[in-house]
Every structure is written in C-alpha cells, then in structure tokens.
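The values are calculated or read from the model by the stated rules, or taken from the named source; none is laboratory data. Because the structure is a prediction, the values reported are computed rather than measured. Cβ placement follows ideal geometry from the backbone for every residue including glycine, while neighbour counts extend to all protein chains displayed.
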C-alpha cells in the first residue's frame, strides 16, 4: 500500500488541500490531480526544462520536486501566469518573433523568460541565453526565442523609464 500525505498549497492563487502519494512529483500532481497540463513531463531528470514551474517566486523543475515538498508553498503554473496576464507581452513576442513551433518547450520557456524579464528587464542577449540555457528547444534553434525575450525585455524596460 502506497503512503499518502495530506498537503495544503496555493496553486495559481487558489488554496487547496489534497492527499498525495509520498513519492509523486509536483509536475505529475499538477497534471494528473489538478488537470493543469501546461507544464510538461519531458526528460524527468531536470535537464530539459519542460516541467518548469514557479514555487514561492523561484523557478524550479517540477519533475525534481515532490508534491509533498510544496506543502505550504505558492505554486504558479503556465496557466496561472497566462490567466493573470503576467506573461502577455512574452506571449505576443513569441508569436511575433515566431519563437514557437511544436510548443512542447514553450510553457517552461515562458516561465523562465518571465523570471528574467521581471528580475532584469535590461538583459543582454547573452544574459537571455544564459538564463534560458536550462530549457531545451529542439525545433527553433533558439534565435527566435532570444529575439522574443529581448523584445519583451525592451518593452518592460521602456515602461520603467
């Protein structure tokens, strides 16, 4: 019999309590239990970045974090960032710059990019590449993604002047 543990966390602004398997990964809990399927389970080793989430304001790999480790935490998924409007300028820039193709990496890439844009809106192309280096894209070659993030950074920096 598998051990379950009760956790309480806030997901995309909604506080909830659930029983979870002790060894269930956070990304699987979000996808399977809450039907928040925007975060993808790619490599399941923390390498590809498809499962990127924000937990208590920090980006994490959802495949490396157990759901029980999120007890008491605030978890933001791509659905929450999209619904709140937080990433609207990034979404527009990704479309305008053709920075998405198959879309598998896009949610994790957007969460990582949003983190950078919020922390360093005047980021250089090199800083953008470095910040996104943990998120793999097998379709675009990254140039368009860097262009899109640079566009969003410039828009954000222009508003702060």
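Just a few scattered comments:
- Yes/no for residue 46 being farther than 25 Å from residue 137 by Cβ, out of contact with any helix residue (DSSP H, G or I) (no Cβ under 9 Å at 6 or more places or on another chain) and either touching a residue at least 12 places away in the same chain (Cβ under 8 Å) or crowded, with 18+ Cβ neighbours inside 10 Å (or both): no
- Search result, residues across the stretch 24-42 that are without any contact (Cβ under 8 Å) to a residue 40 or more places away in the chain and surrounded by fewer than 24 Cβ atoms within 10 Å (Cβ to Cβ): 28, 31, 32, 33, 34, 35, 37, 41
- Residue in the stretch 46-62 that is modelled with the lowest pLDDT, counting only those that are in a loop (DSSP other than H, G, I, E, B) and within 24 Å of residue 3 (Cβ to Cβ): 46
- The residues of the stretch 1-16 that are part of a loop (DSSP other than H, G, I, E, B) and either in contact (Cβ under 8 Å) with a residue 40 or more places away in the chain or under 19 Å from the mean Cα position of the chain (by Cα) (or both), listed by number, are 12, 13.
- Every residue from the stretch 17-38 that is more than 14 Å from the chain's Cα centre (by Cα) and assigned to a loop (DSSP other than H, G, I, E, B): 22, 23, 24, 34, 35
- Per the conditions (1) out of contact with any helix residue (DSSP H, G or I) (no Cβ under 9 Å at 6 or more places or on another chain); (2) under 25 Å from residue 35 (Cβ atoms), the sole criterion not satisfied by residue 139 is (2).
- Selection within the stretch 58-83 - within 14 Å of residue 12 (Cβ to Cβ), out of contact with any helix residue (DSSP H, G or I) (no Cβ under 8 Å at 6 or more places or on another chain) and without any contact (Cβ under 8 Å) to a residue 60 or more places away in the chain: none
- Unmet criterion (only one of (1) loosely packed, with under 15 Cβ neighbours inside 10 Å; (2) in contact with a strand residue (DSSP E or B) (Cβ under 7 Å, 6 or more places away or on another chain)) for residue 112: (1)
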